[in-house]
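The values are calculated or read from the model by the stated rules, or taken from the named source; none is laboratory data. None of these values were measured; they are calculated from a predicted model. Here the Cβ positions follow ideal geometry from the backbone for every residue, glycine too, while neighbour counts run over all protein chains shown. Ligands, DNA and RNA are stripped out before the accessible areas are found, and what is left, the full protein with its side chains, is counted by its heavy atoms. Shrake-Rupley method; radii C 1.70, N 1.55, O 1.52, S 1.80 Å.
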Amino acid sequence: MLGGLATGAWWLLRTDRLLRGGDRRWRRQDAIRVGHRTLADVDKMSGTEFEDLVAALCRRDGCTDVRRVGGSGDNGADVTGRLPDGRTMIIQCKRYTTTSTIASRELRDLLGAKAHFGADLAVFVTTTRFSRPSETFALQNGILAIHRDHLGLWNNGATLQSLISINGSGQGDQRHRARWKRTYGTSPRPAARRRGA
């Protein structure tokens, strides 16, 4: 009789664990579907809407204390929060046209904001690409540089934590520039920026 009770308890615990795991997976997939926007949709957003999207992606990935603080007087941080592992982060969001590139000075400003806020991680999210010097600067100074390709991955369900491991990849080689030109009609190079973010 005791063995039967133990077997029944084990079966109930196992079933509960399986159901809870399935529920968590379903809720995550549902959150991704509800919050999903195409990059074309993102390009049409205002700067504030883009910041709200980035904050929502952070929350989806388990970040806590996420706040959008962008606007005048934001001291270089559009979004602040904590990663799931407890580290603090600040995020700078720039919604530029696809023909623009992010210059090194913008990453230097973010590095100063990181020091100002005392954050553990600085993240720069953009709808375009980084210049080669700015990407090098980001890698040398521990800044997570999320360019358009990585933004697409993040928007489609990749986690912020997973993007940390691929920082500095996915842009800049000849094949990527050729694909960029076919997709957007021009080579990725500095050009006029779009207002708003």
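For segment 133-148, a tally of residues being in a helix (DSSP H, G or I) and surrounded by fewer than 17 Cβ atoms within 10 Å (Cβ to Cβ) returns 4.
Out of the residues in segment 149-197 that are open to solvent by 70 Å² or more (accessible area, probe 1.4 Å), closer than 15 Å to VAL42 by Cβ and assigned to a helix (DSSP H, G or I), state the one that is modelled with the lowest pLDDT. So the residue we want is TYR184. From the list PHE130, PHE124, the lone residue that is among the aromatic types (Phe, Trp, Tyr), under 18 Å from MET45 (Cβ atoms) and either at pLDDT 85 or above or open to solvent by 20 Å² or more (accessible area, probe 1.4 Å) (or both) is PHE124. Going by what's in this entry, would LEU83 be described as aliphatic (A, V, I, L, M) and either free of Cβ contacts under 8 Å to residues at least 24 places away in the same chain or closer than 15 Å to THR159 by Cβ (or both)? Answer is yes for this residue. Looking across ALA119, ALA113, one residue alone is small (Gly, Ala, Ser), in a loop (DSSP other than H, G, I, E, B) and open to solvent by less than 20 Å² (accessible area, probe 1.4 Å). It is ALA119. For segment 93-110, a tally of residues being touching an Asp or Glu at 6+ places or on another chain (Cβ under 7 Å) and either among the β-branched types (Val, Ile, Thr) or part of a helix (DSSP H, G or I) (or both) returns 0.
Sort out which residues of segment 96-110 are without any contact (Cβ under 8 Å) to a residue 60 or more places away in the chain and open to solvent by less than 10 Å² (accessible area, probe 1.4 Å), and write them in order of number. Result: ILE102, LEU107, LEU110. Scanning segment 35-64 for residues that are under 16 Å from ARG148 (Cβ atoms), of a type in the set (A, V, I, L, M, F, W, C) and open to solvent by 30 Å² or more (accessible area, probe 1.4 Å) turns up LEU39, ALA40. For GLY86, the criteria (1) at pLDDT 90 or above; (2) out of contact with any Leu (no Cβ under 6 Å at 6 or more places or on another chain); (3) surrounded by 10 or more Cβ atoms within 10 Å (Cβ to Cβ) hold in every case but one, which is (3).
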